[in-house]
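Enquirer: Once you've had a glance at the structure underneath, I'll fire off some questions.
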Amino acid sequence: MDENLAIIVLAAGQGTRMKSATPKILHPLAGAPIIAHVLATARALDARYVVAVVRHERDLVAGAIQAELPEAVIVDQDEVAGTGRAVEQAIAALPDDFTGDVLVLNGDVPLLNASTLAEMLERHRADGLAASVLSARYDDPSGYGRIVRSAEGAFDRIVEQKDATDDELAIDEVNAGVYAFGAAALRDQLANLTTDNAQGEKYLTDIIALLRGAGSEVKARPVSESWLVAGVNDRAQLSETAARLNALIVRGWQLNGVTVEDPATTWIDLAVRIEPDVTVRPGTQLKGATAIASGAIVGPDTTLVDCEVGERAEVKRTDATLAVIGAGATVGPFAYLRPGTVLDADGKIGTFVETKNARIGAGSKVPHLSYIGDTEIGEGSNVGAGSITANYDGVAKHRTTIGSHVRTGSHGVFVAPVTIGDGAYTGAGTVVRKDVPAGALGVNVAPQRNIDGWVQQHRAGTAAAQAAEAAQAAHEAGEADGDGREAE
Ligand code: UD1
Ligand code: CA
């Protein structure tokens, strides 16, 4: 642990430019709220104290912070606005005798990594500075505070966009909103901040000019790559930041042995785990705590949320949530796996099949056009095309149990609760309302009756009637030719 380090995370702002009912820093990025990325970086620095300042949607934001970093101290910012006030109140939560360094992070700068911060801190300490600021150069610096330097290039002060002159607005070096301060120097100058500016807020950025006035040394250093300190202020920046983070995540998996055919259309959340020799096809989104085992092929056009995919499984054009797909199993194309689906090894959930709360045993197959819900299927069974488990009687849900090595006919309906025993068969079109014992054939389809000539009588003049007449004429001509076939 770094005994001489305290981290303050600023999270009290509303994020007006997002135009959202959700606080800005709770918008998700790679499956975690923006603030969680900042807190994960703070955790990696192993500071003695982490203080997070909240105000807007206080309970929601504090809850998200505590979920990610339980040891963080939550401080409520009062009615005085501004990043300076936020830091002033955060400092008050630290022990009075804390004399180490204070790292201030904006809660809306999620891509900044621990190694960049560790390097910043090291140089800050080595140079014995009162304040260090990370800066970045942007082609379009609008919205950011500008780094004002003297003719000799020495860091002079920070001016906010709304307070800047035209000359200052032309400066392309911006304040990234990431600072290291000596605790004592910071405490001294926070007391001198005013709200005498365009926004009527206490700006943390004014500390720089105050420190310089007191004769302290400050430096602003550009980051190696400006995207590291990109802030999320509106939804355009949110999507740019998400794309950047996703590119980093995808590349990380590629270098770890995962084939990602099209990084631009593949989205992988931070918490996803993928073993080497997995292939991810284009248009695939891997979300939440999804885990994919070696040799599996996922995609194209597949979304998996909190799913487990076993070794060598193939999942094609599928939407699945909270499903477990066994080793060697195949899913899709066009399958919809809802929560509680468990497909055991070498099983199959095929084309246009929806499943929910269903265990499908090893080697069992539901290949075509079916709904299987609240169901248990044993091993080696085959469910016929177009099968429906009728699990809902309008009031309650009921279970269907299908044994091992069962063969159910096409277009079967299983009116739950119902059980099909091991090795049983059902006929095509059977509406199974009673249990079928092991080894039995269940059938209940009424015998078929053909009413000859019905179409010519009741649909005279239609194309169907004409086709029927032509067929009949051809048939009679064939009989006259004596081709030996008999009419029935
Ligand atoms: C701030 C900087 C600006 C810098 C930019 C970098 C100030 C005055 N300006 O501007 O120089 O270029 O960050 O991203 O600091 N917050 C609070 N309490 C408040 C206000 C804000 O905790 O009263 C938090 C916000 O939740 C956010 C962070 O501080 O996490 C920055 O606030 P924001 O309003 O986004 O500041 P910017 O205008 O971007
Ligand atoms: Ca900001």
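Enquirer: Which percent of the accessible heavy-atom area of the chain goes to carbon and sulfur, probe 1.4 angstrom?
Expert: Looking at the chain in its full context, I get 50 percent from C and S.
Enquirer: Going from most exposed to least, what order do 368, 124, 411 have by accessible area with a 1.4 Å probe?
Expert: 411, 368, 124
Enquirer: Now a separate question. Report Rg/Rh for the stretch 165-315, rounded to two decimals, where Rg is the Cα radius of gyration and Rh the Kirkwood radius.
Expert: Here the Rg-to-Rh quotient is 1.20.
Enquirer: So how do 297-306, 274-283 stack up, highest first, on mean other-Cβ count within 10 Å?
Expert: Packing order, densest peptide first, comes out as 297-306, 274-283.
Enquirer: Under the definition of Cα pairs under 8 Å and six or more residues apart, what whole-number percent is the relative contact order of the stretch 2-229?
Expert: Numbers: 447 pairs, mean separation 52.2, N = 228.
Value for the stretch 2-229: 23 percent.
Enquirer: Within the stretch 1-102, report the trypsin sites (Lys or Arg not before Pro) that DSSP leaves as loop and that have at most 15 other Cβ atoms within 10 Å.
Expert: For trypsin sites (Lys or Arg not before Pro) across the stretch 1-102 that sit outside H, G, I, E and B with at most 15 neighbouring Cβ atoms in 10 Å, the list reads 19.
Enquirer: Starting from the Cα of residue 224, step 7 Å along the direction of its Cβ; do the same at residue 468; then give the gap between the two resulting points in nm.
Expert: 8.1 nm
Enquirer: Compute, for residue 115, the solvent-accessible surface of its heavy atoms (probe 1.4 Å) with the complete set of protein chains present, and express it in square angstrom to the nearest 10.
Expert: Accessible area of residue 115: about 80 Å².
Enquirer: Further, regarding this structure: So what's the net charge close to residue 53: Lys and Arg +1, Asp and Glu -1, counting the other residues with Cβ under 12 Å from its Cβ?
Expert: 0
Enquirer: Rounded to the nearest 5, what % of the DSSP beta bridges within the chain are antiparallel ones?
Expert: 20 percent
Enquirer: Quick one: angle between helix 463-480 and the longest Cα principal axis of the chain, in degrees between 0 and 90, rounded to 10, please.
Expert: 40 degrees
Enquirer: I would also like to ask the following. Write down, largest first, the equivalent ellipsoid semi-axes of the stretch 2-229 in whole Å, where each equals the square root of 5 times an eigenvalue of the alpha-carbon gyration tensor.
Expert: Equivalent ellipsoid semi-axes, largest first: 25, 21, 18 Å.
Enquirer: Ok, one more. When only DSSP loop residues count, what GluC sites (Glu not before Pro) in the stretch 1-109 have their Cβ near at most 13 other Cβ atoms within 10 Å?
Expert: Of the GluC sites (Glu not before Pro), the ones in loops of the stretch 1-109 whose Cβ has at most 13 other Cβ atoms within 10 Å are 71, 79.
Enquirer: Provide the per residue accessible area, probe 1.4 Å, for the stretch 258-442, rounded to a whole number of square angstrom.
Expert: Per-residue value: 41 Å².
Enquirer: Between residue 396 and residue 125, what is the label-to-label distance in nm when each label sits 7 Å out along the Cα-to-Cβ direction?
Expert: Reported label-point gap for residue 396 and residue 125 is 6.5 nm.
Enquirer: Would you work out the relative contact order for the chain, in percent, from Cα pairs under 8 angstrom that are 6 or more residues apart?
Expert: Rounded, it is 7 percent for the chain.
Enquirer: Another question, if that's okay. Check each of the trypsin sites (Lys or Arg not before Pro) in the stretch 364-442 and keep only those in coil by DSSP with at most 13 other C-beta atoms within 10 angstrom; list them in order.
Expert: Loop-located and lightly packed - 433, 434.
Enquirer: Something else about it: Under a point spin-label approximation (7 Å from Cα along Cα-to-Cβ), what is the residue 454-residue 251 distance to one decimal in nm?
Expert: With each label placed 7 Å out from Cα toward Cβ, I get 6.8 nm.
Enquirer: Also: Counting only C-alpha contacts under 8 Å and six or more residues apart, can you give the relative contact order of the stretch 353-454 as a whole percent?
Expert: Contact order relative to length: 18 percent.
Enquirer: For the chain, find the longest principal axis of its Cα atoms and tell me its angle to the long axis of helix 34-44, 0 to 90°, nearest 10.
Expert: Computed tilt is about 60 degrees.
Enquirer: Report, in degrees rounded to the nearest 10, the 0 to 90 angle that the Cα long axis of helix 83-92 makes with the longest principal axis of the chain.
Expert: Tilt of helix 83-92: around 80 degrees.
Enquirer: May I pose another question? Quick one: grab Rg to one decimal and Dmax as a whole number for the chain, Cα atoms only, in Å.
Expert: For the chain, the Cα radius of gyration and maximum Cα-Cα distance read 33.6, 118 Å.
Enquirer: Applying a 10 Å radius around every beta-carbon, put 462-473, 347-358 in order of their mean neighbour count, most first.
Expert: Final packing ranking: 347-358, 462-473.
Enquirer: Nearest 0.05, what FRET efficiency do residue 444 and residue 172 give at R0 = 56 Å with Cβ-Cβ as r?
Expert: Numbers: r = 79 Å, r/R0 = 1.40.
E between residue 444 and residue 172, to the nearest 0.05, is 0.10.
Enquirer: Taking a cut-off of 24 Å, what percent of all Cα-Cα pairs in the stretch 258-442 are separated by more than that? Walk me through the numbers before you get to the answer.
Expert: Numbers: 6085 of 17020 pairs.
Of all Cα-Cα pairs in the stretch 258-442, 36 percent lie more than 24 Å apart.
Enquirer: Next up: Once the Cβ-Cβ distance between residue 165 and residue 271 is put in as r, and R0 is 41 Å, what FRET efficiency do you end up with, to the nearest 0.05? Walk me through the numbers before you get to the answer.
Expert: Details: r = 46 Å, r/R0 = 1.13.
Given R0 = 41 Å and the Cβ-Cβ separation, E is 0.35.
Enquirer: Here is a follow-up. Provide the per residue accessible area, probe 1.4 Å, for the stretch 2-229, rounded to a whole number of square angstrom.
Expert: Spelled out: the 1.4 Å probe surface of the stretch 2-229, per residue, equals 43 Å².
Enquirer: Per DSSP H run of at least 4 residues, take -39500 (n - 2.57); add these up for the chain, divide by its residues and hand me the 222 nm value, nearest 500 deg cm²/dmol. Mind dumping the intermediate values first?
Expert: Numbers: 10 runs with 108 residues, N = 488.
Value at 222 nm, helices only: -6500 deg cm²/dmol.
The values are calculated or read from the model by the stated rules, or taken from the named source; none is laboratory data. Since the model is a prediction, treat every value here as computed from it, not as a measurement. All Cβ positions, even for glycine, are placed from backbone atoms using ideal geometry, and neighbour counts span all protein chains on display. We work out accessible area using only protein heavy atoms, side chains counted, and drop any ligands, DNA or RNA first. Shrake-Rupley method; radii C 1.70, N 1.55, O 1.52, S 1.80 Å.
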